[in-house]
Amino acid sequence: MGPLKKIKLEKSFSSEVEPQIPQSSDMSQEAEKAVHKQKKSLSYSNFGISEFTSSTVGFNCIVKNRAEDFIVNEVDLLGNTVSLTELTYKPAPDDNLKKQDRNLDVETGNLDSLASLLNDDSIISRLKRLVESADQDEEILTKPILDKSARTSVHKIIAAHFDVLESKTEADSISIRYVPKTGNKRKRRDNRIQGEKFDPNLEYCLFHLYKENKDTMEALGIIGRLMKADSKAFSFAGTKDKRAITVQQVTGYRLRPEKLQSINGDLRGMKVGNFRFVSNGLNLGSLAGNRFCLTLRDVQSSEENLNESLEALKTHGFINYYGLQRFGTRSVSTHEVGQAILAEDYSLAVDLILKPKENEREDFVAARKHWQEHHDPAEALNLFPKSCVAERSIMSEFSRNGVNNVAGLNAIPRNLRLIYVHAYQSFVWNHMVSKRIKDYGLSVVVGDLIQIDKDLEEITEKNIKIVTEEEIQNYKIEDVVLPLHGHSVLYPTNGLKDNYRKFLFENGGLDIDNLKRQ
């Protein structure tokens, strides 16, 4: 079952801005002009954003003129707004960072206790069958476990008794997969110091990242260099805008919070804090949403029209589109790269990443031009700035092992590769939402997918249903969800699947019935 997303948000707004440790931000007038020029070249309709919840005239204004005009706080899966409030690491009594001479005895629990913890008498036999089959494609997903301590116990028992099984928390359930032990498997960089051990069930340091005028990958690249950690050690729930002040959660594999804390003095326009240990790294999509505080400048509107527009927003809400930041700010959109990857046109994907782009810095332009003219990966690697994470990853692979487009793409950090694919999914989703509203308006129709329990932050297959004629009056448009296309996805039964099918074929040559990828 693929991910789903609400078509329209609830009509509720908050003017609260979460506390955070502020930094100063600055941008030259030349840079601002370049950004405005680039924004003007972007058309909302190009990305499927064409429908509205009201017919008000609207008004013109400047949005995100400065980084401080757009403040973004991530909201985690528990509904907590992420903010940076503490720069100092304060170890908890059960901190997972241990000295070798301390007692590391961990109560792993009896294997038989899994059945009661998971409320599943067949779980032990199912796990044993999974080990015997060695099927890496099979997944065992437990029933939701609301007690966090119970989930922790399950992770410990599985780790203690099944060394080839990997368990991860997904929402309130636990996903269990077969992961073979291989001698040549690449190991993550271990950032421990001598004399210290990590509890194997709490190997991730979760921290809050505050940044200004930097995209997420650039910020983590800087942190990785200061920490001398591989960029693959970091994971996050979602990228945040570059032209903004943002706070989000990040997890680092076996990173020492004391060392993370120590690099704050070397960071510019960034800070890290609120450190704690968790059992699993974040995955893209592991968030409930984002809280925004937006400043509008140079508003051109009569007071009457402005009040009417704001009242319409308050009353009718807005379509829950993916915004332009999902598709990047460069002349080559991230969704174009994702489309090429899914179409298995890897040469095109690499070319789109490396080709010259409009309104870029001179050093970016020089590096791209050199590669285009000379195809010398070693020299291009020297020319690309360190903020060009994808480009440098490809050039590094090419310089070591020769030009191989698949290997080049695989050298890009996984989170960044997924961003390309997710951007294409978002591109398709926006167009499908617009088509849904054009065809059926803002009313619930037979065949729509409905979120059953709105108290659950994550929308899963267990929490949706297909609307029947008898149930239409029980729901409103805020309950309707649409899926992001993918393998084994449930689509609405009112004709929208045919729209997905047509759009995917016409905009990527993809077959909706054959979307499974490695």
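The values are calculated or read from the model by the stated rules, or taken from the named source; none is laboratory data. Here the structure is a predicted model, which is why all the values come from computation and not from measurement. Because the Cβ atoms are built from the backbone with ideal geometry, glycine has one as well, and the counts that use them run over all protein chains shown. All accessible areas refer to the heavy atoms of the entire protein, side chains included, with ligands and DNA or RNA removed. Shrake-Rupley method; radii C 1.70, N 1.55, O 1.52, S 1.80 Å.
Among the residues of this structure, ALA237 does not count as one that is at pLDDT below 80 and either open to solvent by 30 Å² or more (accessible area, probe 1.4 Å) or farther than 30 Å from ALA115 by Cβ (or both).
Does ASP351 fit the bill of being of a type in the set (Asp, Glu) and open to solvent by less than 70 Å² (accessible area, probe 1.4 Å)? No: the conditions fail for ASP351.
Go through the stretch 479-508 and give me each residue that's surrounded by fewer than 19 Cβ atoms within 10 Å (Cβ to Cβ) and in a helix (DSSP H, G or I). Result: LYS497, ASP498, ASN499, ARG501, LYS502, PHE505, GLU506. Based on this model, can you work out whether LEU310 counts as aliphatic (A, V, I, L, M), within 28 Å of ILE7 (Cα to Cα), open to solvent by 10 Å² or more (accessible area, probe 1.4 Å) and without any contact (Cβ under 8 Å) to a residue 24 or more places away in the chain? The answer is yes for LEU310.
For the stretch 37-73, the tally of residues that are outside any loop (DSSP other than H, G, I, E, B), surrounded by 13 or more Cβ atoms within 10 Å (Cβ to Cβ) and at pLDDT below 85 stands at 2. Consider the stretch 381-391 and keep the residues that are assigned to a helix (DSSP H, G or I) and either touching an Asp or Glu at 6+ places or on another chain (Cβ under 8 Å) or surrounded by fewer than 22 Cβ atoms within 10 Å (Cβ to Cβ) (or both). The one that is modelled with the lowest pLDDT is VAL389. Comparison of THR108, THR85, THR81 shows that the only residue that is of a type in the set (Ser, Thr, Tyr) and at pLDDT below 80 is THR108.
Screening the candidates GLU362, GLU397 for the property of being more than 23 Å from GLU336 (Cα to Cα) and out of contact with any strand residue (DSSP E or B) (no Cβ under 9 Å at 6 or more places or on another chain) yields one hit, GLU362.
Looking across ARG129, ARG192, ARG188, one residue alone is modelled with pLDDT under 80, out of contact with any Leu (no Cβ under 9 Å at 6 or more places or on another chain) and open to solvent by 50 Å² or more (accessible area, probe 1.4 Å). It is ARG188. Of all residues in the stretch 269-307, those being part of a helix (DSSP H, G or I) and free of Cβ contacts under 8 Å to residues at least 60 places away in the same chain number 3.
For the stretch 364-375, indicate whether the set of residues that are touching a residue at least 40 places away in the same chain (Cβ under 8 Å) and either open to solvent by 40 Å² or more (accessible area, probe 1.4 Å) or at positive phi (or both) is non-empty. So far as the stretch 364-375 goes, no, none of its residues is touching a residue at least 40 places away in the same chain (Cβ under 8 Å) and either open to solvent by 40 Å² or more (accessible area, probe 1.4 Å) or at positive phi (or both). LEU342 falls short on exactly one of the conditions (1) within 26 Å of SER83 (Cβ to Cβ); (2) of a type outside the set (S, T, N, Q); (3) out of contact with any strand residue (DSSP E or B) (no Cβ under 7 Å at 6 or more places or on another chain); (4) open to solvent by less than 30 Å² (accessible area, probe 1.4 Å), and that condition is (1). Residues that are of a type in the set (A, V, I, L, M, F, W, C) and open to solvent by 20 Å² or more (accessible area, probe 1.4 Å) were ranked within the stretch 417-439; the one that is modelled with the highest pLDDT is VAL421.
For TYR321, are the conditions met, namely being closer than 29 Å to LYS435 by Cβ, at pLDDT 90 or above, surrounded by 14 or more Cβ atoms within 10 Å (Cβ to Cβ) and aromatic (Phe, Trp, Tyr)? Answer is yes for this residue. For the stretch 260-276, the candidate set comprises residues that are charged (D, E, K, R) and surrounded by 17 or more Cβ atoms within 10 Å (Cβ to Cβ); within that set, the residue that is farthest from TYR210 (Cα to Cα) is ARG276. Total residues in the stretch 120-154 satisfying the condition of being of a type in the set (S, T, N, Q), closer than 13 Å to SER173 by Cα and in a loop (DSSP other than H, G, I, E, B): the figure is 1. Output yes when any residue across the stretch 252-268 is assigned to a strand (DSSP E or B), of a type outside the set (A, V, I, L, M) and modelled with pLDDT of 90 or more, and no when none is. Within the stretch 252-268, one or more residues are assigned to a strand (DSSP E or B), of a type outside the set (A, V, I, L, M) and modelled with pLDDT of 90 or more.
Scanning the stretch 208-228 for residues that are open to solvent by less than 10 Å² (accessible area, probe 1.4 Å) and more than 16 Å from the chain's Cα centre (by Cα) yields TYR210, LYS211, GLU212, ILE223, GLY224, MET227.
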